[in-house]
Structures are given as C-alpha cells and as structure tokens.
Amino acid sequence: PSCSGTASTSDEIVLNVYNSADYIKEDADEINDESDKGLVHQFEDYCEETYHQKVRINYSTFDTNETMLSELKTGKADYDLVNCSDYVVQKMINEDMIIPFDDDSTPNYTKYVSPFVNEKIDSIAVNGKTGIVGKYARGYMWGTLGILYNDAFQGLAKRGITSEEMEEDMTSWDSLWDPKYKNLLSIKDSVRDTYAVGIFETYKDDFTLDGKSYKGFATLKKEYDAGSISEEEYNKEITTIFNFCDDDTLNVVGAKLRELRDNAFGFEVDSGKVDMIKGDKFAINVAWSGDAAYAMDQADEYNQSGTIDGEKVDDTSKNYVDLKYALPETG
C-alpha cells in the first residue's frame with residue numbers, strides 16, 4: 001500500500017492487513033532503536049515523516065490459506081489487504097470476495113516488478129480465462145516447492161543411510177513414501193502443496209516409463225530430455241497433470257496421501273523451519289524455497305554460535321546440522 005495519494009491530514013488512516021506468519025520482519029520483543037522495529041512500524045513512521053499522514057496498521061497473521069479463507073467467509077474478519085497463495089486468489093475472485101487494485105495504486109510495483117512474475121500471475125486462469133488475476137493481486141514472493149533435508153541427522157546412521165544415498169533419494173518424490181525414512185519427515189499442512197506432491201507421485205510413470213500410463217500421457221521427461229517435445233509442450237502437459245481434480249484422481253491421490261501421512265512424523269506450516277535448523281526432530285521437510293534458503297542460512301549460524309536469528313537457543317542437546325535443498329526431477 002502507499003500513503004502518498006492521501007492529502008496531509010491529522011486524521012488517522014487505519015489499515016487492516018492479514019498475512020502468512022514469518023513473511024515480513026515484525027517488531028523485536030523490546031524496541032530500543034530503529035533496527036528493532038518491524039516493517040509495519042517502519043511503514044507507519046515513513047508515512048508520518050514523509051507525507052505527514054498518520055497511519056495505523058492492524059497486523060494479523062494466519063497459519064494456512066484455508067484458515068484465512070474460512071474467517072473471511074464467515075465474516076469473523078474484514079481486511080484491506082490479504083497476502084495469500086495464487087489458488088486462493090482464484091477462489092476469492094470467483095466468489096466476489098475481493099476488489100481489483102486501482103490502476104495507479106502501486107506505481108513502484110508497476111515500475112520494478114519482474115516481467116517473469118507478471119507473466120506468471122497473468123497466466124493463472126480464472127474460469128478458463130487468463131489475464132485476470134493480475135488486476136486483483138500483486139506478486140510478493142515466487143519460488144519452488146522441494147525437499148529440505150539434513151544428511152547429518154543422527155537418526156540416519158542408526159538406519160544405515162549414508163549422505164550419498166540420501167542425496168540420491170531426494171531427487172525423487174518417492175523418497176517421502178520410502179519406509180526407511182518413516183517418521184523422519186514432515187509435510188506441509190497446505191492443501192495445494194501437499195496435493196501437488198501426491199499428484200506427482202501418482203503420475204510419476206507419465207514422466208519416466210516407456211509407453212503410456214494412468215491418464216494416457218506419453219513419457220514426458222524422456223521426450224523432453226531427448227528434444228522431441230519443446231519446453232512449452234512439456235510445461236503444458238505438466239500443467240494439465242498438476243491440475244487433475246476429477247473423482248478418479250482424487251481417490252487415487254487420496255490413497256497416496258494417506259500412505260504418506262502414515263510414513264511422516266507430522267504436518268507443519270511454519271514450525272518446520274526451526275525444527276530443521278535445530279536438527280532434533282526429523283531429517284526431511286517438504287519446503288518452499290524461501291523457507292529452505294532461510295533455514296540453510298540460519299543452520300550455519302546455529303552450527304557456529306548456537307543462535308537462530310541472533311537469539312541464543314537454550315538447547316543442551318545441540319547437533320551439527322547440514323541442510324540441503326533438492327528439487328525432485330518429476331514435475
């Protein structure tokens with residue numbers, strides 16, 4: 001949001017903002033100087049100092065997109081700005097829950113946003129039509145979904161799993177279903193992301209086997225690697241598989257995800273980062289690339305000084321942690 005379009009006034013503007021946890025810097029427990037202030041506080045100061053406009057932001061966070069959506073639908077909450085995943089923007093547009101941005105409301109975003117991000121947002125379809133989502137949403141973060149793993153986890157040696165073996169295993173979504181990793185992995189409490197993992201495991205033969213498989217798709221990755229289909233054709237086929245939601249697919253993927261649940265330590269959204277940094281609960285985490293990058297940086301700090309984000313961790317059983325991030329080849 002911008003406060004530059006508002007005339008100088010003593011009246012306070014109140015903005016209600018709803019965001020995923022950990023997505024921006026928040027205030028420190030004690031504010032002693034400017035560096036202790038979070039982004040919300042900095043924005044309020046900026047508006048007052050630069051435009052002489054008093055702005056107060058009521059800032060709240062949610063754990064999952066579904067929790068946020070439920071609260072908005074039931075009228076328990078009303079917000080000016082919501083940060084959520086792309087598929088939720090689709091739902092909110094379809095259900096007339098949000099309004100488009102004014103064309104001139106985000107001049108800096110329009111000037112500096114990556115063309116790649118704009119292309120991604122414009123390609124998201126609403127009722128089969130593209131070029132709509134960009135009117136309602138501004139891109140905040142883009143990345144990948146992969147596997148964050150700690151090949152120095154103590155429980156691996158007890159099972160005879162070497163670092164080299166684990167590195168090879170993590171190139172495949174299959175590893176999450178492998179009994180040798182039972183109770184050593186956590187998965188996302190996020191419908192779209194965990195469903196995607198189930199989709200790619202269910203349709204793995206469409207990428208690797210000769211001939212045709214479940215939905216009659218050709219061997220996509222083999223054909224792409226051989227140069228017999230283009231990048232555009234490959235992505236189009238993947239997108240089709242990625243969005244299967246017919247009854248047959250839901251039943252098959254549902255069964256796969258129940259198997260995955262039984263093999264996992266548990267579900268998480270935000271806590272997995274710290275658990276992986278400390279290396280005391282599980283060795284594998286289905287992770288977004290932004291979280292993975294944060295965890296890898298903090299793990300280095302934790303190894304060296306026993307701190308996370310500069311805060312000393314009270315941990316008498318501190319273990320050496322070696323975090324790596326893998327993008328499985330399927331999908």
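The values are calculated or read from the model by the stated rules, or taken from the named source; none is laboratory data. Not measured: the values here are computed from a predicted model. Backbone-built Cβ (ideal geometry, glycine too); neighbour counts: all protein chains shown. Areas reflect the complete protein model, heavy atoms only, side chains present, ligands, DNA and RNA absent. Shrake-Rupley method; radii C 1.70, N 1.55, O 1.52, S 1.80 Å.
Report whether or not Ile57 is among the aliphatic types (A, V, I, L, M), over 28 Å from the mean Cα position of the chain (by Cα) and over 30 Å from Lys129 (Cβ atoms).
no
Of all residues in segment 112-134 being hydroxyl-bearing (Ser, Thr, Tyr) and outside any helix (DSSP H, G or I), which is most open to solvent (accessible area, probe 1.4 Å)?
Here is the first cut: in segment 112-134, the ones hydroxyl-bearing (Ser, Thr, Tyr) are 112, 114, 123, 130.
Checking which are outside any helix (DSSP H, G or I) leaves us with 114, 123, 130.
Working: Ser114: 49, Ser123: 69, Thr130: 88 Å².
Ranking the qualifying residues of segment 112-134, first place goes to Thr130.
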Only one of (1) aliphatic (A, V, I, L, M); (2) over 30 Å from Val191 (Cα atoms); (3) surrounded by fewer than 13 Cβ atoms within 10 Å (Cβ to Cβ) does not apply to Val55, and that is (3)
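Taking Phe43 as the residue in question, decide whether it is buried (at least 17 other Cβ atoms within 10 Å of the Cβ), under 22 Å from Asp270 (Cα atoms) and not small (Gly, Ala, Ser).
Numbers: buried (at least 17 other Cβ atoms within 10 Å of the Cβ): yes; under 22 Å from Asp270 (Cα atoms): no; not small (Gly, Ala, Ser): yes.
Judged against the criteria, Phe43 is not a match.
Residues that are in a loop (DSSP other than H, G, I, E, B) and farther than 24 Å from Lys324 by Cβ: does segment 188-204 have at least one?
yes
Here's the yes/no breakdown for (1) farther than 17 Å from Met68 by Cα; (2) over 22 Å from the mean Cα position of the chain (by Cα); (3) in contact (Cβ under 8 Å) with a residue 40 or more places away in the chain:
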residue: Asn83; (1), (2), (3): no, no, yes
residue: Met97; (1), (2), (3): no, yes, no
residue: Pro100; (1), (2), (3): yes, yes, no
residue: Pro107; (1), (2), (3): yes, yes, yes
residue: Ser114; (1), (2), (3): yes, no, no
residue: Asp122; (1), (2), (3): yes, no, no
residue: Ala125; (1), (2), (3): yes, no, no
residue: Gly128; (1), (2), (3): yes, yes, no
Go over the candidates Glu119, Glu165, Glu201 one by one and state the one that is over 23 Å from Val274 (Cβ atoms) and in contact with a Lys or Arg (Cβ under 6 Å, 6 or more places away or on another chain). Glu201
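Of all residues being under 30 Å from Ile241 (Cα atoms) and not in a loop (DSSP other than H, G, I, E, B) in segment 318-331, which is least open to solvent (accessible area, probe 1.4 Å)? Just the residue, please. Working first, answer last.
So the first thing to find is which residues in segment 318-331 are under 30 Å from Ile241 (Cα atoms), and the list is 324-331.
Then keep just the ones that are not in a loop (DSSP other than H, G, I, E, B); that gives 324-326.
On the way: Lys324: 62, Tyr325: 64, Ala326: 14 Å².
Residue satisfying both the conditions and the ranking: Ala326.
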Output the number of residues of segment 282-317 satisfying the condition of being open to solvent by 30 Å² or more (accessible area, probe 1.4 Å), part of a loop (DSSP other than H, G, I, E, B) and free of Cβ contacts under 8 Å to residues at least 24 places away in the same chain. 4
So how many residues does segment 135-181 have that are open to solvent by 30 Å² or more (accessible area, probe 1.4 Å), touching a residue at least 40 places away in the same chain (Cβ under 8 Å), part of a loop (DSSP other than H, G, I, E, B) and out of contact with any Asp or Glu (no Cβ under 6 Å at 6 or more places or on another chain)? 6
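Of all residues in segment 269-281, which are open to solvent by less than 10 Å² (accessible area, probe 1.4 Å) and not in a loop (DSSP other than H, G, I, E, B)?
Quick first cut of segment 269-281, residues open to solvent by less than 10 Å² (accessible area, probe 1.4 Å) only: 272, 276-277, 279.
Once the filter is applied, which keeps residues that are open to solvent by less than 10 Å² (accessible area, probe 1.4 Å) and not in a loop (DSSP other than H, G, I, E, B), segment 269-281 yields Gly272, Met276, Ile277.
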